[in-house]
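The values are calculated or read from the model by the stated rules, or taken from the named source; none is laboratory data. A quick note: this is a predicted structure, and the numbers were derived from the prediction, not measured. Note that we place each Cβ from the backbone using ideal geometry, even for glycine, and neighbour counts take in every protein chain shown. Calculation scope for accessible area: heavy atoms of the full protein, side chains included, ligands and nucleic acids excluded. Shrake-Rupley method; radii C 1.70, N 1.55, O 1.52, S 1.80 Å.
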Amino acid sequence: MGSFGRCRVAAVIAALALVTVASAPHAQDVSRPESVDRPSALLLPAGKVIFDAAVARANRGTNGFGLPPSFPLPSCGFPDGLCGAVNRDGTLAVPAEYDWVDTFHEGRALVRSNGRYGYVDTSGHVIAKPQYPIADRFSHGFAQIDVGGRSGLIDLDGNTALEPKFGYVIPFTEKVFFATEGRTTSGGIAGTEQFSHGIFEFVGAIADSRAVTATGKWGLVDRSGAWLVPPSPNAILPFDTEGTALMLARVDSGWGVIRPDGSWEIEPKFQQLGSFVDGMAPAKVDDHWGFIDRAGRLKIEPKFENVHQFVHGAKFTPARLNGRWGLVDRTGEWVVQPQYENISLKGTAPWSWDIQNEKKHGYLDENAKLIVPPLFDFSVGRCANGRIVGEIDRQPRILDENGKSIEPQEGELSRPVTCDGPYILKISGKFAYAAADLTPMTAQRFDRAGPFVGSLAVAGFGDKFGLLRTDITWAIEPTLDAISPGLPNGSVLARLDDRNGIIDASTGAWITKQPFERICHIRPDMAMAFEGGKRGILDAHGSWLIKPREGRMGIRLEDGLVPAQSGGHWGFMNVEGKMVIEARFDAPTFFDRGINWTSTDASWCPIDRRGQPIEGLQCQPSDPLKRQFGVFACQLGP
């Protein structure tokens, strides 16, 4: 999402879709130069801040969604606002010459220029120049591409593996592919088509995009495009987590497992059949579920109304009988009798389980031992120290590793509740911080008390605020009118009287010498500040990334091109404030995957990052993406 700095500012909260052009070259039209010069990446200062934050996330092993960022890392923080990719050491991997660069998969990344897709490798060499109106990420050594409304495959070298003459294609082995003769396109608007097929769906799909979906039956073809097995299965799905060259397939007699030569590994006789994990797959027979082994033999008799697939390494899986869920082991025996409205897996190994009854949540440990019955309003959190945190009847609660409630000796626990504390207690209308056993750490009572962010928390008396350390000593005495911690170098945003700026939390000294009229966070490592009625962007050290300028501006700096107002119109500036696309548009909009639908004289027209129209896409009378606008208030504290 993007936001615009004023005191109240508009923010676009929608994304743009993949684009189809009117025509495309042959699939073998590739360009692979022998060598590419690799100077150091010329990221602008704001681009470097964003890149460094991504490296820090990678070093912590997660990007907030359980997966670390992959390198080279796509970036658009370059002088011209074009996109490339940067190695972990900060050197340039992919030259900054594209409208969009995707994350890398199997050593290849989709790139986009003027609405067409191509591929590059991790050294920036062009595997296939931008030419395809629709294209997928690489999977199993191949990528599906569209030429003239038909699907084919290219290999990791950009060579044609399967001529584009099918409705839809999916890799099976190195020499055999699944294909259909038909396809259908639904939803969205013309120019936003994306391949869509279950688990093979292009990750990162755009809202309101047009789904290109296979229709008809699936057959098997070789690299020449000849049918090895004429279209017969009605549906196919991935079979084995271990990558065996087999696929789930459904014909009129039921689901089975098919080989690359079209013969059946497991005869198609099941009503439904799931993927294999650790040698077991869920199977439905006579309207009941059980599990089969790799030979298709029943390993657990079909006696359940429903089951979940076993997860790799998990000893149990949920099963339903008589409308209630329990847990069964790998022999099919109940380890938790069916007594819950729902059971779902929590977190990662060692596995644990969320249980639900009457819209309340409880918790089973990895051995299926009941730790907490369904009492909590939401799924409970299990801390690394074994504690369980959550809310019961909208009141925060902490339990020990055995499910025993830890009660404060005085007052009541206050939100938010963290795993490690210090915790906040409300005592007779005032606040105190408490130790792990919930005993108050000080006799002093605060009028305001916030949670610890890292090692600091905002607390205060009356209308004055300061910063507390975890030992409940003052890092900054409560003399400020507002304060906001969280900058990566330990500094904080603060306001005192008419002065807004950045303070060093370790010394209490102002880092910014000039008093700003307003200041606010726009991301954890950047702040917007107002000076003389103009607004700019600061880094955590108080240095200007974008110097103060007239007019509103976007703050989604990771886009590389930011909407900026000038003379009553909107254009686009790079992340140091230089206008790259002149202000000639009526409304602020954002780039997504290298395309921006801009508004001029009641028409919405697509442009690329050079400000040029997109070939093959027509202007529309209204916003084709139907984006909605919200507001953002740049202010600090109450």
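In the context of the full set of protein chains, residues of the range 423-520 present 43 Å² of accessible surface per residue (probe radius 1.4 Å, heavy atoms only).
Over the chain, DSSP H runs of length four or greater, each weighted -39,500 (n - 2.57), average out per residue to a 222 nm ellipticity of -1000 deg cm²/dmol.
Over the chain, calculate the relative contact order: mean separation of alpha carbon pairs under 8 Å at least 6 apart, over the residue count, as a percent. 12 percent. Spin-label model, residue 330/residue 514: points 7 Å from Cα along the beta carbon direction are separated by 6.7 nm.
FRET efficiency for the residue 619 to residue 165 pair, using the beta carbon distance and R₀ = 22 Å, is estimated at 0.10.
Simple spin-label estimate for residue 103 and residue 419 gives 2.2 nm between the two label positions (7 Å along the Cα-to-Cβ direction from each Cα).
Each Cα pair under 8 Å and six or more residues apart adds its sequence gap; the mean of these over the residue count of the range 445-595 is a relative contact order of 10 percent.
Compared with the direct C-alpha span, the chain from residue 402 to residue 89 gains 108.1 nm at full extension, assuming 0.36 nm per residue.
Under the 0.36 nm per residue contour assumption, what length would be gained going from the current alpha-carbon distance of residue 294 and residue 550 to full extension?
So the extension gain works out to 85.4 nm.
Each peptide among 560-572, 380-392 gets the average number of other Cβ atoms lying within 10 Å of its residues, and from highest to lowest they stand as 560-572, 380-392. Take the Cβ atoms of residue 342 and residue 367, set R0 to 25 Å, and the FRET efficiency comes out at 0.80.
How high is the relative contact order of the range 542-614, in percent, with contacts defined as C-alpha pairs under 8 Å that are six or more residues apart? Value for the range 542-614: 19 percent. So for the pair residue 610, residue 477, with labels modelled 7 Å out along Cα→Cβ, what separation do we get in nm? Each label point lies 7 Å from its Cα, and together they span 6.1 nm.
The accessible surface of the chain, taken with every protein chain in place and a 1.4 Å probe, is 50 percent carbon and sulfur. Run a plain Debye calculation on the chain (Cα atoms as equal point scatterers, no solvent) and give log10 I(q)/I(0) at q = 0.06, 0.07 Å⁻¹, rounded to two decimals, same order as the q list. At q = 0.06, 0.07 Å⁻¹ the computed log10 ratios are -0.44, -0.61. Here the Karplus relation 6.51 cos²θ - 1.76 cosθ + 1.60, evaluated at θ = phi - 60°, turns the backbone of the range 258-274 into coupling constants of 9, 8, x, 8, x, 7, 9, 6, 10, 4, x, 10, 9, 5, 8, 8, x Hz, with x for every Gly and Pro.
Fully extending the segment from residue 157 to residue 378, taken as 0.36 nm per residue of separation minus the present Cα-Cα distance, adds 74.7 nm.
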